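Asker: Got a structure here, written out as structure tokens. Questions coming.
Since every read-out is calculated from the coordinates, none of them should be taken as a lab result. All figures in this text were calculated on a predicted structure; none of them were measured in a lab. So basically every Cβ, Gly included, is an ideal-geometry build from the backbone, and we count neighbours across all protein chains shown.
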Amino acid sequence: MLAPGRGIALDRFLIEQLFFQTGDVMDRPSKALVQARRRAEDIRKLALAHLLTPQAGYRPRAMVIELGELAEEHPELDKEPAFLQARILSTLARGGRARQAQKPLFRLFRAGIEAGQPETYQQFEQVLKYACPDPDQLEGLFFHRSFQDMDHDEIWSAVGDGIAKLQTLGFQAFLNSGTLLGVVRDGKLIPHDDDVDLALVFEADSQEEAAETWHKITVQLADQGLLSPKPPRNPAMRKLTTEGPCNIDLFPAWVQAGQLYVYPYCCGDLAADHVLPTEVCPITDLPIPRNAPDVLAQNYGDGWAVPDPSYAFPWAQANRRFKVFRDRLEQVTVR
């Protein structure tokens, strides 16, 4: 049974507005195929109900296995949107992440494109974000979509809303890394990128204190519903919760003895006045570093203004420089 109010309304929306019709997939489907579709539809509804309100009698592993058996018996099901949605919902209802359902996610996305209804997949994304309040579980939901496939106005609106919520809590943030590179170099988001980068500014007297402060901030943001309360694999990078179409990564940036630290690319290499006070980006009306070119040079090298498809960030070197910060953050983060 679905949760009162929220669950019932959402299920009706899914069935009537979002889900593709499946009855006309074949002119004369066999009786066995019709029964398989009906069973998959039942599983889809059960999985959604469990995501909205955990059901005591729900058997998550059994549902995933049963869908796999149905697909083996009727391979054509794995091309039908309703069945793909059942697979995705069942994976999430079992506690899995979106990345564990990459194939059905991509097939569902392609089905919407081929049917001339790309918005259907976007609506399904919104349903998943509604049913799964933990953004870490949805990591990978946008893996197959880049900015060239998204509405940039919608993205910037979501980013602006996220920054405004941070400001309401007394925090300052600015466009960072690849997002900053795109707006400064190209005047837009980098087409092949797929997430937005923000840095949140605070003060600390050492890397150890920075780790402790960052942890306290993330706990506060999680309590406000702006971050998942579940610690991620890398606690130095968190995902901001928004209603937008893409992931927003939040990184720590702190001022220490007048120098700037931004994990993972600036370890006191620039004076803090390269960022503060921030300026308003003429493209997005959102905050960017006061001296964006120097910040980008620190992040990407002196050739940042020329696109380099072979560029790879030196993570190993960066993590060595931030070892004290990372080690202390691991200690204070409760897993």
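Asker: Angle between the Cα long axis of helix 152-168 and the longest principal axis of the chain, 0 to 90 degrees, nearest 10?
Answerer: With rounding to tens, the tilt is 60 degrees.
Asker: Once the dipole of the chain is set up with Lys and Arg at +1 and Asp and Glu at -1 on Cβ about the Cα centre, which of Thr91, Val127, Gln298 lies farthest towards its positive end?
Answerer: Of the candidates, Thr91 comes out farthest on the positive side.
Asker: Looking at the chain, what % of its DSSP beta bridges pair antiparallel, to the nearest 5?
Answerer: 65 percent
Asker: Among Gln55, Tyr263, Phe171, which residue has its Cα furthest toward the positive end of the charge dipole of the chain, with +1 on Lys/Arg Cβ and -1 on Asp/Glu Cβ?
Answerer: Gln55
Asker: For the chain, calculate the relative contact order in percent as a whole number, restricting contacts to Cα pairs under 8 Å that are 6 or more residues apart.
Answerer: Once divided by the residue count of the chain, the mean separation gives 13 percent.
Asker: Can you give the FRET efficiency for Val34 and Asp151, using 1/(1 + (r/R0)^6), R0 = 45 Å, r = Cβ-Cβ distance, to the nearest 0.05?
Answerer: About 0.75, to the nearest 0.05.
Asker: For a quick check, take a GNM of the chain with Cα springs below 10 Å and name the residue from Gln167, Gln207, Gln137 with the largest mean-square fluctuation.
Answerer: Greatest mean-square fluctuation among the candidates belongs to Gln167.
Asker: Divide the volume of the convex hull of the Cα atoms of the chain by its number of residues and quote the answer in cubic angstrom per residue.
Answerer: 152 Å³
Asker: From the backbone phi of the range 187-194, what are the Karplus-calculated ³J(HN,Hα) couplings (6.51 cos²θ - 1.76 cosθ + 1.60, θ = phi - 60°) in whole Hz, Gly and Pro given as x?
Answerer: In residue order, the calculated couplings are x, 6, 5, 5, x, 8, 6, 9 Hz.
Asker: A follow-up question, please. Here is the link list: Lys45/Lys129; Lys79/Lys239; Lys129/Lys323; Lys103/Lys165; Lys31/Lys79. Which ones come out longer than 23 Å on Cα distance?
Answerer: Over 23 Å apart, Cα to Cα: Lys79/Lys239; Lys129/Lys323; Lys103/Lys165.
Asker: Among Tyr300, Tyr121, Tyr311, determine the one that fluctuates most according to a GNM of the chain built with springs between C-alpha atoms less than 10 Å apart.
Answerer: Fluctuation is largest for Tyr311.
Asker: For helix 81-93, what angle does its Cα long axis make with the longest principal axis of the chain, in degrees from 0 to 90 and rounded to 10?
Answerer: Its long axis makes an angle of about 60 degrees.
Asker: Rounded to the nearest 500, what is the chain's calculated 222 nm mean residue ellipticity when only DSSP H runs of at least 4 contribute -39500 (n - 2.57) each, over all residues?
Answerer: -14000 deg cm²/dmol
Asker: A further question on this structure: If you fit an axis through the alpha-carbon atoms of helix 60-73 and take the longest principal axis of the Cα set of the chain, what angle between them do you get, 0 to 90°, nearest 10?
Answerer: 60 degrees
Asker: With just the Cα atoms of the range 147-332, tell me how far they stretch along each of the three principal axes, in Å, largest first.
Answerer: Computed over the Cα atoms, the extents are 40, 37, 30 Å.
Asker: Ranked highest first by average number of other Cβ atoms within 10 Å, how do 54-60, 174-180, 211-217, 96-102 line up?
Answerer: Most protected by this proxy first, the peptides run 174-180, 211-217, 96-102, 54-60.
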